[in-house]
Each structure stands twice: as C-alpha cells, then as structure tokens.
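This report concerns only the one structure given below.
The values are calculated or read from the model by the stated rules, or taken from the named source; none is laboratory data. The shown structure was predicted, so the numbers you read here are calculated from the model rather than taken from an experiment. No Cβ is skipped: glycine too gets one built from the backbone with ideal geometry, and neighbour counts run over all protein chains shown. Heavy atoms of the whole protein, side chains included, go into the accessibility calculation; ligands, DNA and RNA do not. Shrake-Rupley method; radii C 1.70, N 1.55, O 1.52, S 1.80 Å.
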Amino acid sequence: MSTAPPRGVVGLLTAEALAFGVTLALLVIPANALFLDAYGAEWLPATYIAIAVFGTAVSALIARAARRTRLVRVATASLGGFAAMFAASWVVLLGGGIWVSAVLLVLFPIALQVGFVLIGGQAGRLLDVRQMKERFPRIVSGFAVGFFLGGLLGIPLLALLGSTEHMLVATTLAQIAFLGLLIVTERRFPEVGEAAPAEHASAVVRPPLRTLFTSGLVLLLLIYQVLSAMGSQVVDFLLFDRAAAHYSGDDLTRFLSGYTAALNLVDIAFLAVLAGPLMRRFGVRFGLVFNPALDAAILAVMVVVVASTGAAAFSVLVLAGVLRIADIAATDGTTRTSINAAYQVVPIGERLAVQAVVEGIGVPVAIGATGVLLLGLNLLDLGTDAVIVFGLVLSIVWTGIAVAVYRSYTGSLADEMRRRVLGTATLDTTADGVAIRALLRSDDARDVRLGLDLLSPVIVDAAAVELRLLASHAEPEVRVRALGQLAVTGDDAAARELAALTTRFAGAASPVERRAAAAAIGSRADGVEVSQLPALLDDSDASVRNAALDAVAAADAGDSSIVERVIASLGGPDTTGSATAAVRRLGEPAVPALVAALGAGRRRGRAGLVRAAATAAATHGAAIMEPMLRDPDRAVVLAALEALEAAAGHDVLAGDVVDGVLHDAAALAARAQAARASLDGDEGSLQRALDDEIELARRLAIAALAVRYGPSVRAAVRVVDHADRQRGALGVEALDVLLSRDESTIALPLVRRETATGTGYAGSWGAAEWIADLASDPIGFWRSPWLAACARAAAAEHQPAPGAPSR
C-alpha cells in the first residue's frame, strides 16, 4: 500500500490555501479596523448573530448543492459570489457607506468556513486518512503563510492606497486567484469533482441529510465544531475588545496588521515544525483534545490575572493576544487535521455535504449563539471578567466532548471494518415445523436425516406422528435417532426399544449399524448402555469413530478410557474435528491428558492437538498452549496462535508472550528483507523461500495481535488487503487506533508490506554472507530446514566449477 499521495496534490492544495489565507487577511484587517473605529467592540456580538443567520443559509445551499452537482461548480458559485461581494463593498465604501464594514465582518467567518470546506473536500478525495494526518498540516500551513503575507501587506498597502477601504481591491483579486487554483486542481485531478453520484449510475435511495446527524460520530462532530466555534469567537472577542480599549483609528489598523503578522508567524512555525510530528506520534485523539485543553489552561491564567489586576491592565491584552495565537495555531495544526481525518469514516457520497453542514451551518449558529450570550453579558454589565469565565467553562465542556468524539471515531472505524449487510430473522415455529415435518415424511433418507438435524425441542411434539413412523424406518441411523427423540420426550416404549437396538447394533458387522449404535448412545436416553462407547471409539471404520466421538458427552469425563481415546483421536486426520469438539464437551478432566500429549512432542496429529489445546485454553488458561508457543518452529507457533484465535481464546496469553512473538516477527521480517535485497534480481528458490519467511512474519504478527485484541484486528487487515486505497487506509488507521504505539511501530509496516522495523541484522552484508548465514544458521535464528536447503543450493550455484578461474 502506497503512503504517498498523487504527485502534485499537496502542492496545489497548499497553493489554494495560500491564496485563501491572503484573501482573508486582506479582508479581516480593513473590516475590523473600519467597524471598530466606527461602532466599537460593544457591537461585535450583533455581527455574530447576523453570521448565524446568513452563514446558515449559505452553508445549507452549499450542502444541498454538494449532493447534486460537482464540487467545482459549487466552488465557482460560492467563491465567485464572495469576490463579487468584496468588490461591491469597496464601491459602497467609496460612497461613504461605512455600514458595509458590518457586512464584511459577517462575510469573514462564512468565507473562512466555506473555504476550508472546499479545501478539505478536495483533500478528502485526493488523500486517504493516513495521508491526511501526515500532509494536511502542510496544506493548512499554506493558509497560515498566506494570512501572514496578507498581514505584512496590510501596512504597505495602506500607505500605497491611501485609505483602509482600498485594501478590498486586493482582497477581491486574491479571492479570484483562490478560485483559479481550485479550478486548476479539479482539471488536473478529475476525481476531485466526484461529489455527487455519476449521472449514469443506478438510482439509489439516499437518506435525508438530517438523518446523518441524529446520532453517532456525525452528531458529536457537529457538537464539537459548535463548541470550537463558540470558543474561538470568545477568544476573538477578548482580543478585539482589549485592542479597541487601547488603540483607535489608524493606530488600531497598524496594531491589527502587526499582530496578524506575528500570529501567523507563530502559526507557520507550529505547522512546519510541530503539528505534523505531533499528529503522526499521537494521532486523532491528541488533535481533538489539544485545542480545547490549551484554551482552558490560558483562560484559567487570565481569570487569576483579572482577579488581581483588573481587566483594563495591559497584561490582559497580552494574554488575550497569546490566547488567540494559541487557539489559531492549535486549530490549524491539529484540530482541522483531526476533523478532516474523522470525516473519512463518512461515506464519500455524503462527505462534502456533511462537512458543509457541520462547519458551514453549525459554526455560524455557534457564532450567533455566542453573540447572544455576549450581548446578554453586556446588558447585565458583567464586563470582560464574565466573558473570560464563560470562555473557561466552555473550554472545559469542549474538552469533554473531544474525548467523546474520539471514542465515537474509534467505534465508527471498527464498524467500518466489519461493515456488511446483516439481516435478523425471527423464528417462525409454525412455518419451520411444517417444513421439518415435510422433510421427515420424505422418501429420500437424506431429507429425513436433514429433518432430524433441524428438529428442535419446540417442534418435537408437533412431529410426534412422523417420528413414530420413522421408528420403523429401514435405515438404522434414522430409526435410532427417531427413537431417541421420542425417548427424550418420555416415551418409555421407545426408550426400551432404543436400548435393545443399541446393544444389537454395537456388535454388528455393518459399519452402518455401528454408526447407528453410536448415534443411540449420543441420545443419552434412559436404559441405553454407554459401556459400548470405548469399543466404538476404537472402531476400524473412521465414520464409526466420528459418530462415537460425536456421542461423547460431559458425563463421560470420569471414564479415563474414553478420555484417552478422544485425545488419541486428535491425531487422526479423519477424526480431528470430531475429537476437538469432544474435548470441548469433556471440559477440564480432559486437560491433563491433553497437556501430556502436547508435552510428548509427537509430530503425528500435532495440528489436531494444537486446535484442541486452543479450545481448552480459552476456558482453562494459556498454560495449556505454552509448549506450542515455545516451539522453535515458527509455523507451529503460528498454528497455535491461529487455533487460539479461532477458539475465541482472547486475553488468555500473558503480555510478554504476545510481545515476544511480535518482536520475533519484526526481526524475522527485517533480516529476511535484508537478505532478499542482497540477492540477484532473478527469482530463484532462495528468493521465494525468503518471501515465504516475510509472509510468515506478517502472519505471526497479525495472529498475535488478533489473539490479544480479538476479531477487530482481522477485520481491519482484510480491509487493508482487499479494499481500495482510501478504505484500505482506514483499515490501517483502525489498527493504529486499536494498538499501542510500540505495537503499531512493529505491526503496521508488516501489515502494509513495507520495510520492517525490526533489528538484529547485519545491514552491510553482501549476498555471500547472507547465503552462508542462511545455510548454517550459526545463532539458531532462522530455524527453517527448507530455507537452509535453498541457501545451500544457492551456494552451490555460486560455487565456481572445478578448474574454472575464480571471480
């Protein structure tokens, strides 16, 4: 599985983000400067309410369009509309309409959310979830760089153009550049446009968009984004409120320009140096929690400072500035990446629409709610102190929701790994009884046997007539099974007849009749003699032995002769399955004999012993499996692990046992890959044998983890092996979420069939040294006779012929 995105994708998306950042910087500076100078910070909450109204309407239209048309059409309409409004606002300002500064403030967060929805939507189609975690911080860094450049351009543009309102000309041009780059990306990578189903696709009933938000991950993402937007809006208000209290006029414009440049310089540094490594190291959980936890910590400090110095102190402005820088850096570096990674679990046909609702509707609504709360605090004359306390409480709640989002994300990944169409059926005893009775009345003995197999206690009484007819059936096994069913229901005559038939059939010459005797014993009806069972377990006919093994019950555990014969049957290729099931029914009394057989080290019947031991280990502990797990033959270890997994023996192995298998698998893969790389390119038996060892290492690691974590591991591996690139990356992400960091480091390269990360091989060896090591195995690492034989054959091929000059 390739971990590199298509060539040029990250560069183009980063360029889009760069133009987007310049656009918003050149929008927010004149909008805030003009509005704050004309109306003051106390009217900022009113713009927040307007953002909720208009932002919801715009984003609803985008979400609706995203389900029906191509992304590039949605982008052209929305980004082109913003450019037109910027240009129109400039014209209004030239005519003295300062009121339009409020419109620009309303447009800023709407444009911010729509822009990131479009960039994130493109990234979601061109990058898988693993690439998103690694590369999206770089894409967002383009936005930070653009915002930084826009901040730097603010002061020279003000000097060049002569007044703040003329900066909107540059804003309009930057927006057009953003749209142009998005169109270039869509033309170079047409898969970006696959937002809606293809026109020629079969009609599929799609659920209403609102149903996606009723529960689960999508609903939690919406709540998270609402709280995130509210928190960021409180942070912005604190900064602008304190800035307006200390500066005015062009001084305010200069402060905001310089501050915007400093903010983005820090943002760029965080994105370039820390965000990517942090996301790779700690993943989505860190990315979701970091932002609200950091905001809560700084707001707690602000509460202490305000309590001691008052809100008018310059130190509060400094802390507000630090808080906004921290919030934006965390949002750009970790939160946006984590949220976009979480969207990958949403079906691709719904992803852009869901993203538009979560970020484009949820966020404006949150901003509006924040505006109402801030206006209420102003009306109550509670001041900045109350805003800081409100922000602290909000950040604490936001942190709790972040934890809930991550838990839902891991659950959604697990659901995605085992996604299949499942049906539930309700037992209809009437219909089933009619069908089974029809089988019992059939003239075909095979149908009758099937009917007897399907017969349940609920239906026995209804089938009494058919069973009495079958009690005189010509086929012995059908006859005794029908009598057994009747005897279990209390029919004494049937029980006496069954006991007589059992004694007669057990000594018969025909294996058919002896099988019937075993089936009769299996019924455990009153009067049936069980003493014939050991002889039937020793029968020369395999079908009779299997029938006798099927007749073994828990009540036979006290008979050592039966237990010994069951254990011995594990070695027969024809009886392994029935013997394993019999061991399970015998339970704990069979364990000592099973352990003794394993300790004998016999090769014959080893597979059956391993499977039976795994079944017993699930109930009686991993000590039963220790001989197999310590076996020097890795194939035996693999068989033991897979048998233990099949027996649902999860959580029975000690942690050091699983860790030992993982580290041995990593070392095997690393050494085998190094040896493979040193050999000639021609495919020979040694190369194929080394490939088999690498695959064995992979299977060992997967089996060990499946025993530790259960079926989720296998489900994720199947997705990695068989799904397309994007869903395959979700499989890797599911494993990364499930495993510990050390386990991921070892196992994920093996699962993805990449270069292993194990240690312990001599990387400088050439082909001759590796062949010698494989042939002689001086430290007992390889432990593979076949690999050694292939190495000796390869050594002979490289040996010069007698009399030939050496090379």
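Tabulated data
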{"read-out": "Single residue of L127, L118, L93 found to be touching a residue at least 12 places away in the same chain (Cβ under 8 Å), in contact with a Pro (Cβ under 9 Å, 6 or more places away or on another chain), at negative phi and open to solvent by less than 10 Å² (accessible area, probe 1.4 Å)", "value": "L127"}
{"read-out": "For A293: the one exception among (1) closer than 18 Å to Y224 by Cβ; (2) buried (at least 21 other Cβ atoms within 10 Å of the Cβ); (3) among the hydrophobic types (A, V, I, L, M, F, W, C); (4) modelled with pLDDT of 85 or more", "value": "(2)"}
{"read-out": "Residue that is nearest to G522 (Cα to Cα) [pool: residues in region 560-585 that are open to solvent by less than 60 Å² (accessible area, probe 1.4 Å) and outside any helix (DSSP H, G or I)]", "value": "T575"}
{"read-out": "Condition broken by G601, with the remaining ones in (1) at pLDDT 70 or above; (2) over 22 Å from P511 (Cα atoms); (3) touching a helix residue (DSSP H, G or I) at 6+ places or on another chain (Cβ under 9 Å) satisfied", "value": "(1)"}
{"read-out": "Long-range neighbours under 6 Å by Cβ, at least six apart or interchain, first residue farther than 14 Å from W43 by Cα and basic (K, R) within region 358-384, second open to solvent by less than 40 Å² (accessible area, probe 1.4 Å) and modelled with pLDDT of 75 or more", "value": "none"}
{"read-out": "Sole residue being charged (D, E, K, R) and under 21 Å from G400 (Cβ atoms), chosen from R281, R285, R324", "value": "R285"}
{"read-out": "Wholly within region 459-517, helices (runs of 4 or more DSSP H) carrying at least 1 residues that are farther than 13 Å from V528 by Cα and at pLDDT 80 or above", "value": "476-488"}
{"read-out": "Contacts under 7 angstrom Cβ, first residue in region 394-418 being over 30 Å from L299 (Cα atoms) and free of Cβ contacts under 8 Å to residues at least 60 places away in the same chain, partner among the charged types (D, E, K, R) and surrounded by 15 or more Cβ atoms within 10 Å (Cβ to Cβ), 6 or more apart", "value": "none"}
{"read-out": "Cβ-Cβ under 6 Å pairs, at least 6 apart or on other chains, region 647-668 side over 28 Å from R584 (Cα atoms), far side open to solvent by less than 40 Å² (accessible area, probe 1.4 Å) and modelled with pLDDT under 75", "value": "A666/A756; A666/G758; A667/G758"}
{"read-out": "Enumeration of residues in region 515-524 that are open to solvent by less than 30 Å² (accessible area, probe 1.4 Å) and not small (G, A, S)", "value": "I521"}
{"read-out": "Positions within region 225-260 being open to solvent by 20 Å² or more (accessible area, probe 1.4 Å), part of a helix (DSSP H, G or I) and small (G, A, S), in sequence order", "value": "S232, A244, A245, G249, G258"}
{"read-out": "Any hit, region 711-728, residues being in a helix (DSSP H, G or I), open to solvent by 50 Å² or more (accessible area, probe 1.4 Å) and of a type in the set (S, T, Y)", "value": "no"}
{"read-out": "Restricting region 639-661 to residues that are surrounded by fewer than 23 Cβ atoms within 10 Å (Cβ to Cβ) and over 25 Å from the mean Cα position of the chain (by Cα), the residue that is modelled with the highest pLDDT", "value": "G660"}
{"read-out": "Subset of region 186-242 (residues that are more than 18 Å from Y409 (Cα to Cα), at pLDDT below 60 and among the hydrophobic types (A, V, I, L, M, F, W, C))", "value": "V192, A195, A196, A198, A201, A203, V204, V205, L209"}
{"read-out": "Sole residue being surrounded by 14 or more Cβ atoms within 10 Å (Cβ to Cβ), within 19 Å of D241 (Cα to Cα), of a type in the set (V, I, T) and free of Cβ contacts under 8 Å to residues at least 40 places away in the same chain, chosen from V305, V316", "value": "V305"}
{"read-out": "Scope region 272-286; condition open to solvent by less than 10 Å² (accessible area, probe 1.4 Å) and over 19 Å from the mean Cα position of the chain (by Cα); matching residues", "value": "A275, G276"}
{"read-out": "Verdict on V365 being closer than 26 Å to G216 by Cα, open to solvent by 40 Å² or more (accessible area, probe 1.4 Å), touching a helix residue (DSSP H, G or I) at 6+ places or on another chain (Cβ under 7 Å) and part of a helix (DSSP H, G or I)", "value": "yes"}
{"read-out": "Close pairs from region 559-579: first of a type in the set (K, R), partner surrounded by fewer than 17 Cβ atoms within 10 Å (Cβ to Cβ), Cβ under 9 Å, at least 6 apart", "value": "R565/P534; R565/D538"}
{"read-out": "Filtered residue count, region 368-396, keeping only those that are of a type in the set (G, A, S) and buried (at least 24 other Cβ atoms within 10 Å of the Cβ)", "value": "3"}
